Amino acid sequence: MISIEEAQRLITRGPYYQWLGLQVVSLDADAIEVRATWREEWVVNPGTRHTHGGILATLVDLAADNALLSRLGHAVPTIDMRVDYHRAALPGDLVAKGKVVKFGKRFSVCEAQVYDQDGQLVASGRGTYYTAEEK
């Protein structure tokens with residue numbers, strides 16, 4: 001299993017994830033928890049001040065995909081993903097929790113939930129990820 005520090009390094013290699021202000025909170029064999037630091041640029045409508053759904057979908061995919069990190073040591077391609085939006089995410093940090101549902105030799109299924117700063121579920125989803133070894 002990789003360390004939280006190594007997971008942090010791997011996840012924040014890309015500029016988009018750096019921009020999201022991600023911090024790995026916890027990591028185990030089949031799960032990950034990541035905190036995203038809220039940014040004003042996430043606001044989709046200045047009147048309602050809720051976070052754009054694309055940010056929530058990104059966090060679902062990020063947490064679901066990286067739930068596989070301890071097993072594989074790297075992120076993998078997303079084959080398919082579904083996101084459900086449960087309530088508006090208002091300004092404040094978000095926490096994404098991902099877990100492996102089924103690990104397979106070629107494809108794996110993972111799910112994730114995104115919570116607002118009050119612990120309310122704002123989005124959830126499930127994805128299929130390509131986990132076959134590269135040849």
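The table below gives the values:
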{"item": "Positions within region 54-74 being surrounded by 18 or more Cβ atoms within 10 Å (Cβ to Cβ), touching a residue at least 60 places away in the same chain (Cβ under 8 Å) and in a loop (DSSP other than H, G, I, E, B), in sequence order", "result": "Leu68"}
{"item": "Filter pass, Thr51 being buried (at least 18 other Cβ atoms within 10 Å of the Cβ), under 13 Å from the mean Cα position of the chain (by Cα), among the hydroxyl-bearing types (Ser, Thr, Tyr) and at pLDDT 95 or above", "result": "no"}
{"item": "Identity of the residue in region 75-98, assigned to a loop (DSSP other than H, G, I, E, B) and either hydrophobic (A, V, I, L, M, F, W, C) or in contact with a His (Cβ under 6 Å, 6 or more places away or on another chain) (or both), that ends up farthest from Asp116 (Cα to Cα)", "result": "Val76"}
{"item": "Leading residue by the ranking (nearest to the chain's Cα centre (by Cα)) among those in region 98-135 that are closer than 15 Å to Arg71 by Cα and of a type in the set (Phe, Trp, Tyr)", "result": "Tyr129"}
{"item": "Close pairs from region 33-48: first of a type in the set (Lys, Arg), partner part of a helix (DSSP H, G or I), Cβ under 9 Å, at least 6 apart", "result": "Arg39/Trp19; Arg39/Ile55"}
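The values are calculated or read from the model by the stated rules, or taken from the named source; none is laboratory data. These figures come from a predicted structure and were not determined experimentally. Every residue, glycine as well, gets a Cβ built from its backbone with ideal geometry; the counts of neighbours run over all protein chains shown.
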